[in-house]
1. Can you name the residue in segment 104-143 that is in contact with a Phe, Trp or Tyr (Cβ under 9 Å, 6 or more places away or on another chain) and basic (Lys, Arg) and is also farthest from residue 190 (Cα to Cα) among such residues?
2. Got a sec? Which strands (runs of 3 or more DSSP E) wholly within segment 147-235 have at least 3 residues that are within 30 Å of residue 289 (Cα to Cα) and under 16 Å from the mean Cα position of the chain (by Cα)?
3. In the set 84, 98, which member is at pLDDT 95 or above and touching an Asp or Glu at 6+ places or on another chain (Cβ under 6 Å)?
4. Is there any pair linking a residue in segment 395-407 that is of a type in the set (Val, Ile, Thr) to one that is in a strand (DSSP E or B), with Cβ under 6 Å and at least six apart or on different chains, and which?
5. With a cut-off of at least 2 residues that are hydrophobic (A, V, I, L, M, F, W, C), touching a strand residue (DSSP E or B) at 6+ places or on another chain (Cβ under 8 Å) and under 15 Å from residue 324 (Cα atoms), name the strands (runs of 3 or more DSSP E) lying wholly within segment 237-308.
6. For residues that are touching an Asp or Glu at 6+ places or on another chain (Cβ under 6 Å), over 14 Å from residue 206 (Cβ atoms) and crowded, with 24+ Cβ neighbours inside 10 Å, tally how many sit in segment 243-277.
7. Quick check: anything in segment 117-139 assigned to a loop (DSSP other than H, G, I, E, B), crowded, with 18+ Cβ neighbours inside 10 Å and of a type in the set (D, E, K, R)?
8. State which residue is nearest to residue 209 (Cα to Cα) when the search covers only segment 98-116 and only residues that are among the β-branched types (Val, Ile, Thr) and in a loop (DSSP other than H, G, I, E, B).
Amino acid sequence: MTIGKSTLSRRSFLTIALAPAFLRQTQKDPWAEVAAILGRIKPPKFPARDFNITQFGAAPNSGSESTDGITKAITECGKAGGGRVVVPAGVFLTGPIRLKSGVNLHLTDNAVLKFVTDPRRYLPVVFTRWEGTELMNYSPFIYAFEEHDIAITGSGTLDGQADGMHWWNWRASQNEARQRLVDLGAKGTPVSERIFGEGSNLRPNFIQPYLCRNILIEGINIRNSPMWEIHPVLSSNVTIGGVTISSHGPNNDGCDPESCRDVLIEGCTFDTGDDCIALKSGRNNDGRRVGVPIENVVVRDCTMKDGHGGVTVGSEISGGARNIFAERCRMDSPRLDRALRIKTNSVRGGTIERVYMRDVTVGQVAEAVVTIDFLYEEGDAGNFPPVVRSVDVRNVISRKSTYGLLLRGYRRAPIADVRLTKCSFQGVAKADVIENVKDVRLSNVKINGKTLNETITR
């Protein structure tokens, strides 16, 4: 790996991501933008050739590692010009997997990849992001760096084997390393010198394509991850479809595209220990240094069960977010806290704009249907007041929640231009929390049967 090469690639990505054509809203109806976004998202295609991992030494149900066989199959597939690396039925024990361009890792029916729980197997460290800050850390379980046309498909299962004795127990002892990483980012220490890994207790993510393009993750089942499950970073043309995630450990977000462009998440089921979908763009000074937003994201036809938020923007959002569309989702659980969640503060900052949700059905959420919170974690303790504007929620129905709306901005930086239209929130237990907002418009919004048509500034 060459750190200098990564920097050049990141700059190239930044130039593309900030191209003027993608900064303009050319349609009066924001949803008209979706067709253009989807028109650019095209899943990669692969040659019709298969490389079965058992032909390279992988042994199912043996109790011994198949890492070498999987690695050899990926290498030969790449050399041949691409194709499918096939995991047949059976349970295969493996260490870290590194995808290469042109490779589709395909798990057939009843195929299970179980990832070993020895942290040393995920060394040496690789260039990665941890909670929005770049560093050298344990390899994600499935990792790709500066590759293109890659996929993980099929109906099989990826099992991280995380539990209270493996990985999840690190949550209680990570704070010192976590703070050291944040401090290194604040100082601008070169990433090559931010070396963590063994002894740091910063858990690896499950799937992470980093600086990649043309990505497909489809059909698979994912369970028991150390922390974030699907985490593409600084990548473009990403399709995530029909994935089922069940993982209830700490920080077990389902899908976290970070500083990515042109992302489709559809037909997925999330049952998680943290946010179901969380859109991110880097943390604090390090996120502002990289300076790439998360943009042009379409979420549709997904099911959210347990989690802190159904569709979340933040909290590592210092690079900003724009052009986010979520529609036709179902959310329902007493352990799902919010339907739409935007979270940041004046340490993280970020401009979050053009966030749209429509035609979403909520059975119940524990806190609020719509939460926009500037008091998350550090609160108003920094010099980068966030900007949230142009949030539009239409035709959202909820049957039970503590609040309908929980909006908390700053007096010096109010939440602006939030619109709710033709929504119905029933079974709301408490009055809305609305603090430091400007131009919040409710049009034909019913809360516990009372219809509201008003503009709120307070």
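1. 114
2. Details: elements: 148-154, 157-159, 207-210, 213-218, 221-223.
Those strands (runs of 3 or more DSSP E) span 207-210, 213-218.
3. Numbers: 98 fails: touching an Asp or Glu at 6+ places or on another chain (Cβ under 6 Å).
Checking each option against the conditions leaves just 84.
4. Close Cβ pairs (under 6 Å, with a partner that is in a strand (DSSP E or B)) amount to 396/360; 397/361; 397/424.
5. Details: elements: 244-247, 261-266, 269-272, 277-279, 294-300.
Result: 261-266, 277-279, 294-300.
6. Qualifying residue count, segment 243-277: 2.
7. Checking segment 117-139: at least one residue is assigned to a loop (DSSP other than H, G, I, E, B), crowded, with 18+ Cβ neighbours inside 10 Å and of a type in the set (D, E, K, R).
8. Pass one, segment 98-116, residues among the β-branched types (Val, Ile, Thr): 103, 108, 112, 116.
Now narrow it down to the ones that are in a loop (DSSP other than H, G, I, E, B): 108, 116.
On the way: 108: 22, 116: 20 Å.
Step by step, filter segment 98-116, then rank; the result is 116.
The values are calculated or read from the model by the stated rules, or taken from the named source; none is laboratory data. These numbers were taken from a predicted model, which means no experiment stands behind them. Note that each Cβ is placed from the backbone with ideal geometry, even for glycine, and that neighbours are counted across all protein chains shown.
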